[in-house]
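Comments concern the structure below.
Derivation of every value follows stated rules applied to the coordinates shown; laboratory data play no part. What you are looking at is a predicted structure, and each value in this text was computed from that prediction instead of being measured.
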């Protein structure tokens, strides 16, 4: 059998490319491991307990942003997240979904306590005053803006969710329309990975 230089070169190229590939887990969502943002939040949950990300160490955290008067993306996101947890079976107990309101004017503790657990009783709604909300939004690069609509208003906002691993590190950026399709496998991958 004659091995040509072109075949040797092709084989070397394949090996070199394989060596350059990251050895970490493969995700369907956008892997943002090592991002220099999304490291902190200080809000209150819908039971009245002050919360930081450190409270959820040991669990994979899915962080979603929205508001209770949202007519479309926010309830769809929470419904999709409820379906994802259901698909995980017993592993869902090692995942915490947090819904951060971007409408602190209307989304009081009482409103969040009725709205968020209606999707899944394990979900927690988080709120703060406008300053705290702005700080968290800035930390996670979430845009939001109050938009007048007649006698009331809506809140325009970016619709991504984030996933943090069990050590509290930001790992994934999840598009709102990919939650149901991508997140179950991604969460299983993070739950299998030793912390």
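Separation of region 126-162 from region 73-124 is 17 Å, based on Cα centroids. Relative to the longest principal axis of the Cα atoms of the chain, helix 179-192 runs at roughly 70 degrees. Where only DSSP H runs of four or more residues are counted, the chain gives -10000 deg cm²/dmol as its mean residue ellipticity at 222 nm, each run worth -39500 (n - 2.57). For the chain, set up a GNM with springs between Cα atoms under 10 Å and report which of 152, 133, 47 has the largest fluctuation. Looking only at 152, 133, 47, the largest GNM fluctuation is found for 152.
Angle of helix 130-139 to the longest C-alpha principal axis of the chain, folded into 0 to 90 degrees and rounded to 10: 0°. For semi-axes √(5λ) of the Cα gyration tensor in Å, computed directly from the structure shown, the correct entry in [x] 39, 18, 16; [y] 24, 18, 17; [z] 31, 20, 13 is [x]. Comparing 33, 149, 77 in a Gaussian network model of the chain, where Cα atoms under 10 Å apart are tied by springs, the biggest mean-square fluctuation is seen for 149.
Across the chain, the relative contact order, built from alpha-carbon pairs under 8 Å that are at least six residues apart, equals 31 percent. Residues considered: 53, 78, 130. Largest GNM mean-square fluctuation over the chain, using C-alpha springs under 10 Å, is found at 130. Measure nothing fancy, just the Cα-based angle from helix 73-88's long axis to the longest principal axis of the chain, in degrees from 0 to 90, nearest 10. Value to nearest ten degrees: 60. The mean sequence distance of close C-alpha pairs (under 8 Å, at least 6 residues apart), as a share of the length of region 131-189, puts its relative contact order at 19 percent.
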